[in-house]
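The values are calculated or read from the model by the stated rules, or taken from the named source; none is laboratory data. As the structure is a computational prediction, the values presented were derived from the model and not from experiment. These accessible areas exclude ligands, DNA and RNA; they are computed on the full protein's heavy atoms, side chains included. Shrake-Rupley method; radii C 1.70, N 1.55, O 1.52, S 1.80 Å.
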Amino acid sequence: MTGDLLRRPAVVAQVSPEDKVRTVAELSREDEVVAAIAPDILCRPAVVAKADR
């Protein structure tokens, strides 16, 4: 259900960037989740390089 809702632009537009980051951080505590999403994140090095850390 949640995955379907988050594919809807009108729903995603209502979620703040901070909440999106918090959600990803919470979900990525599990090794299986990190292993599944890491290739998608790492294939965007230009975006990763812009991150303020």
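Among the residues making up segment 4-22, those that are in a helix (DSSP H, G or I), modelled with pLDDT of 85 or more and open to solvent by less than 80 Å² (accessible area, probe 1.4 Å) are Ala10, Asp19.
Taking segment 23-38 as the range and being open to solvent by 80 Å² or more (accessible area, probe 1.4 Å), modelled with pLDDT of 85 or more and part of a helix (DSSP H, G or I) as the test, the residues that pass are Glu26, Asp31, Glu32.
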